[in-house]
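Remarks on the structure that follows.
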Amino acid sequence: MQVTHTPAGDRWRARLTLPNGEFSPRVQDLACEQQFWSARMKKGAPAPDPYADTVFSALTAQLGDLPISSVLEIGPGWGNYTFPLVRSFPYVTAVDISPDNLRYLSAHSRVLGNPIHPLCGAWESVTVPPHDLVFGYNCLYRLIEPELFLQKMTQSAKLLCVLGMNRPPELPWLPSLEAAGISIHATRQGCEELLTVAKELGLRASLISVPNRRIYRYDSEDALLRRAEGFLNEPVSRDKLRSILLPFHARSTDGSLICEYPFTSQLLVWEPPHLSSATAE
């Protein structure tokens, strides 16, 4: 597929780069990303994120009375949405670059009586048949070509495309690190930027914002500090980090640290052009 670059897409790419102007290894190296997920799955897949229930409810509200029988999910990870999808729709294809993820999803969806149809590869390069609904959520952290991503979703959907992200910042204390003069790498773009890309591509997309909340729990201060250190572009003393992070957390009776974070989930929703044109007429 020929890629159509847009001004909004260029801004997206610029914000994805590290301070040295390059992309991170996980962004540009498929093998590196596959190794990350392989190591993650060896530790065991985490329990589904409770905030995903709110997102899934918002998704089903957008479907309305559409006769959805086939769903293609992009970047399912460990199945926050895959398992609700296989409970709700008879045919679900999951596209993921990680064979480890797909093995896990295949095994657990089979237990539910509706095994997924796994497809291993990057969304931009795999060959897929059309599905009624094409959906992905929080699968864009390594996206270099948003134009290609959206165009391929549009071509692969019979009835509807829905693409979602948590509105940045992904953690409430990240802006405070930057305000303290600390250089970090973190997600800086979301569905609002993708909406501009979609409009520049001529897609009639709409943006749905959904209030949501998430609870982060860390067993110890050390676990919290290690999480924060994963976002740093430079060494920072733990005392300085501690002074910034701890005010965002309450200490539980068992010594763990808890941060309740209200945020916004966003869905970008659009119909493929043949339906949009028919609706306009």
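Coordinate-derived values only; no laboratory data. Just so it is clear, the model here is predicted, and its values are computed rather than measured. Heads up, the Cβs are rebuilt from the backbone with ideal geometry, glycines too, and the neighbour counts pull from every protein chain shown.
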> Looking at the square roots a ≥ b ≥ c of the eigenvalues of the Cα gyration tensor of segment 187-275, which shape do they give, rounded for a/c under 1.5, prolate if a/b is larger than b/c, or oblate?
Replying inline: prolate
>> Tell me the label only: which of (i) 20.7, 64; (ii) 19.5, 63; (iii) 29.8, 95 is Rg and Dmax of the Cα atoms in Å as calculated from this structure?
In response: (ii)
> For the chain, modelled as a GNM with alpha-carbon contacts under 10 angstrom, which of G121, G113, G75 fluctuates the most?
Replying inline: G113
> If you take all C-alpha pairs in segment 115-237, what percent of them are over 26 Å apart?
Replying inline: 38 percent
>> Charges at C-beta only: +1 for Lys and Arg, -1 for Asp and Glu. How large is the resulting dipole of the chain about its Cα centre, in Debye rounded to 20?
In response: 440 debye
> Most fluctuating residue of M165, M153, M41 in a GNM of the chain with Cα springs under 10 Å: which is it?
Replying inline: M41
>> Pairs of alpha-carbon atoms within less than 8 angstrom and 6+ residues apart define the contacts here; what relative contact order does the chain have, in percent?
In response: 20 percent
> Taking neighbour Cβ counts within 10 Å as the exposure measure, how do K240, K42 sort from fewest upward?
Replying inline: K42, K240
> Given springs between every Cα pair under 10 Å in a Gaussian network model of the chain, which of K158, K43, K199 has the largest fluctuation?
Replying inline: K43
> Using alpha-carbon positions, what is the distance between the centroids of segment 94-132 and segment 1-50, in Å?
Replying inline: 19 Å
> Helix 146-156 sits at what angle to the longest principal axis of the chain, using alpha carbons and giving 0 to 90 degrees rounded to 10?
Replying inline: 40 degrees
>> On a straight-distance basis, which lysines could pair with K199 in a cross-link, Cα separation under 28 angstrom, same-chain partners fewer than 8 positions away excluded?
In response: K152, K158
> What fraction of the DSSP beta bridges in the chain is antiparallel, stated in percent and rounded to the nearest 5?
Replying inline: 55 percent
> For segment 56-151, what's the relative contact order in percent, using C-alpha pairs closer than 8 Å and at least 6 residues apart?
Replying inline: 31 percent
